[in-house]
Amino acid sequence: MSTATVTEPRTSLPASATLSFGGVLRAERIKFFSLRSTWWSFGVYVAISIGLAALMGATFWGEGESIPAEQQTSLVLQVATFGVFFGQLVMATLGVLVIGGEFSTGMIRSSFTAVPKRLPVLVAKAIVLGVSAFVLGVVASLASYAVGGAFLSSFGVSASLTDPDLWVPLLGSALYLAVVSVFALGIGTIVRSSAGGITAAIGAIILLPIILMMLPVEWLQDLQPYLLMNAGLASFGLNGFTASDLSTAANLIIIGIWAAVPLIVGGVLLKRRDA
């Protein structure tokens, strides 16, 4: 009489079946560019950026010959980057949708089944989203520079793209977009709801500076330069709801903290809560 061997069922995937981080990154890239919301957001942002650049350039009044060269560069920069003020809301919405949509549909469970550690999924989303937002920002800023600059040149105002005072802030505006999108991703991870996450992200970016500005309390006004939007816009030469005397490096550190904190908190909650 032979004794049957009982094989216990596997309770986890074999090591060979575990996705590498490169595989997770590719999967998130495919998911990101498969979403219609991604392409709609990209299109809307580019349209806002170019449209506002054209509007500002076409309605400029003045004689360029009487404006010093450095001020001409500043004018061209403002025209090329003004769309960031409104376009940041589009990127914040996209940042929330990247993960909020998966929580809403339940797709996040499939992602966590394939990647049980969970954090690589969030990191991969942040990388794909941040890099994409940065590239989009560069493309939109260059297009806005071309369109807005064409209108300004008819008034005698121009600036060379090789001028560091122009191209460095243009890259800075694209970097700010990336930071806003990653910040919103962190908010979406914490809230786990598209509607709630979008409300919270836009509230922190736009409504918080307005509320603080309306309150007649001096120490609240002192906080204005340290808010995400005000520090972000100041990092490449635009003013938010207050003028900032902080250096570019200080502003970059501030917006980096704004992006890192919700992402870290979201990562901790992602590990502790059920999908």
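Some observations on this one:
- Note on the stretch 186-208: residues that are within 9 Å of G100 (Cβ to Cβ) and open to solvent by less than 10 Å² (accessible area, probe 1.4 Å) total 3.
One line per residue, one yes/no per condition, for (1) more than 30 Å from Q71 (Cα to Cα); (2) more than 14 Å from the chain's Cα centre (by Cα); (3) hydroxyl-bearing (S, T, Y):
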residue	(1), (2), (3)
G101	yes, yes, no
S111	yes, yes, yes
K125	yes, no, no
V147	no, yes, no
V157	no, yes, no
L161	no, yes, no
D165	no, yes, no
L170	no, yes, no
Y176	no, no, yes
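- Counting the residues of the stretch 231-258 that are of a type outside the set (V, I, T), within 17 Å of V84 (Cα to Cα) and surrounded by 14 or more Cβ atoms within 10 Å (Cβ to Cβ) gives 12.
- Selection within the stretch 209-230 - touching a Leu at 6+ places or on another chain (Cβ under 7 Å), over 20 Å from P169 (Cβ atoms), among the hydrophobic types (A, V, I, L, M, F, W, C) and open to solvent by less than 60 Å² (accessible area, probe 1.4 Å): L212, L220
- The lone exception for G186 - which of (1) over 24 Å from A47 (Cα atoms); (2) out of contact with any Pro (no Cβ under 8 Å at 6 or more places or on another chain) it fails: (2)
- Only one entry of G95, G57, G83 meets the criterion of being more than 24 Å from W39 (Cα to Cα), surrounded by 15 or more Cβ atoms within 10 Å (Cβ to Cβ) and under 28 Å from the mean Cα position of the chain (by Cα), and that entry is G57.
- In the stretch 98-121, the residues that are open to solvent by less than 20 Å² (accessible area, probe 1.4 Å) and either in a helix (DSSP H, G or I) or among the hydroxyl-bearing types (S, T, Y) (or both): V98, I99, G100, E102, I108, S111, F112, V121
- For the stretch 155-165, the criterion of being in a helix (DSSP H, G or I) and buried (at least 18 other Cβ atoms within 10 Å of the Cβ) is satisfied by no residue at all.
The values are calculated or read from the model by the stated rules, or taken from the named source; none is laboratory data. Predicted model, so just to flag it, every value in this text is computed and none were measured. Ideal geometry is used to build each Cβ from the backbone, glycine not excepted, and the neighbour counts take in all protein chains shown. These area figures cover heavy atoms from the full protein model, side chains too; ligands, DNA and RNA do not enter into them. Shrake-Rupley method; radii C 1.70, N 1.55, O 1.52, S 1.80 Å.
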